[in-house]
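Worksheet: one structure, shown below.
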Amino acid sequence: MDTHSNLQPPFTLAYIPETSSTISYLKSLHQTGNAHEYTVAATDYQTAGRGQRGNTWEAERGKNLLFSLLLEPAFLAANKQFLLSQAVSLAIKEELEHYANGFSIKWPNDIYWREKKICGMLIEHDLQGNHLQLTSAGIGINVNQIRFSPGLPNPVSLSQITGKAHDRLPLLQAILDRLLKYYRMLQGGDIARITGRYEEALFRKGIMAPFADGQGTFMGQITGVRPNGMLAVKDSTGKERLYAFKEVSYVL
Ligand code: BTN
C-alpha cells in the first residue's frame, strides 16, 4: 500500500504512512470536510493504536491491515447499532474463510481462528436524536506479522495460518466489497439474515465452556445474541444469563 493506492467506488482510500490511530485520523479528516461516507483511512503504522477496554493495539510496521471506515447510517436507529458490528464482523470472517477453515466471531466483534485472535475492531457511533449519524469502524487484522510481543495473550496472523505472505490492498478491497453487501442488506431492512448468520458464526456457540462474570467463573453455553447486542448464556442449571459488553468474558 502506498500513496498511489486506490480502492474501487464507492470507497475512497486515505492512506497515510504513519499516524497515531486511523480512527483519530479519519475523524480529523471528517472535521475538515475531507472524509465522507465510505472513506477508508489506512496506515502502515500506528504510534497510539487503540484497542478495546482502553488497551493499545500493537502492529509491526507495514505488515498488517490497520484501517478505519466512515459510514453515515442515518437510516439505523441507535438501539440497532450492534447490527453494524455484526455486518463488519461477518464481512471479515467470510473473506478470511477464503484462505482457511476455523474462523469464528468471538462476541461482540473479535475474529478468531481456532482459539486465537486474528482481528479486533473498535466501532464508534455519533448519534443524532435516536438515530445514528456517523460510524467509524476501526479494524486491525494481523496479515503478515510473524512475531508478536510475548505480552499478547493469543495473537495469530493470516500468514501464520496459510504459511504465505498476502497482499494487503486486495484483501482490504475484498473485505470492503463484502461489507458493502451487508450494509445494503441493512439499508434494505434485511436484519434477520444478518443476525442469523452472525449467530451461526459465533465462537463457542452451543458448546459448554467456562465463562467469567462479576460473580466468578461458571460453565455455560451461548444460546444467542439479543437485538441490542447482549449475549445470552445458559448456565449449567439451565438458567439464561444476559450480558452487556464487558460484563462477561470467555475463559480461554
Ligand atoms: C481490540 O482491542 O480488539 C480492538 C482493536 C482495534 C484496532 C484497530 S487498528 C485500526 C483502528 N485504529 C485504532 O487505533 N484501532 C483500530
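What follows is calculated from the coordinates using simple rules that are stated; it is not laboratory data. The model shown is predicted, which means the values in this text are computed figures rather than measured ones. Using ideal geometry, Cβ is built from the backbone for each residue, glycine included, and neighbour counts are taken over all protein chains shown.
May I ask you to verify whether SER104 is more than 11 Å from the ligand (Cβ to nearest atom), under 18 Å from ILE175 (Cα atoms), of a type outside the set (D, E, K, R) and in a helix (DSSP H, G or I)? It is false that SER104 is more than 11 Å from the ligand (Cβ to nearest atom), under 18 Å from ILE175 (Cα atoms), of a type outside the set (D, E, K, R) and in a helix (DSSP H, G or I).
Please specify each residue of region 116-143 satisfying the condition of being polar (S, T, N, Q) and either over 18 Å from the mean Cα position of the chain (by Cα) or assigned to a strand (DSSP E or B) (or both). Once the filter is applied, which keeps residues that are polar (S, T, N, Q) and either over 18 Å from the mean Cα position of the chain (by Cα) or assigned to a strand (DSSP E or B) (or both), region 116-143 yields GLN128, ASN130, GLN133, THR135, SER136. For region 40-49, the tally of residues that are near the ligand (Cβ under 9 Å from one of its atoms), surrounded by fewer than 19 Cβ atoms within 10 Å (Cβ to Cβ) and among the β-branched types (Val, Ile, Thr) stands at 0. Just so you know, in region 23-39 the residues that are among the small types (Gly, Ala, Ser) and not in a helix (DSSP H, G or I) include one that is farthest from the ligand (Cβ to nearest atom), and it is GLY33. Residues in region 117-128 that are away from the ligand (no atom under 13 Å from the Cβ) and in contact (Cβ under 8 Å) with a residue 40 or more places away in the chain: HIS125, LEU127, GLN128. Checking each residue in region 218-232 for being within 13 Å of SER249 (Cα to Cα) and not in a strand (DSSP E or B) picks out only MET230.
Residue check: is ILE92 surrounded by 22 or more Cβ atoms within 10 Å (Cβ to Cβ) and more than 19 Å from GLN173 (Cα to Cα)? For ILE92, the condition - surrounded by 22 or more Cβ atoms within 10 Å (Cβ to Cβ) and more than 19 Å from GLN173 (Cα to Cα) - is not met.
If I filter region 50-72 for residues that are more than 15 Å from the ligand (Cβ to nearest atom), surrounded by fewer than 16 Cβ atoms within 10 Å (Cβ to Cβ) and not β-branched (Val, Ile, Thr), do I get at least one hit? Looking through region 50-72, at least one residue is more than 15 Å from the ligand (Cβ to nearest atom), surrounded by fewer than 16 Cβ atoms within 10 Å (Cβ to Cβ) and not β-branched (Val, Ile, Thr).
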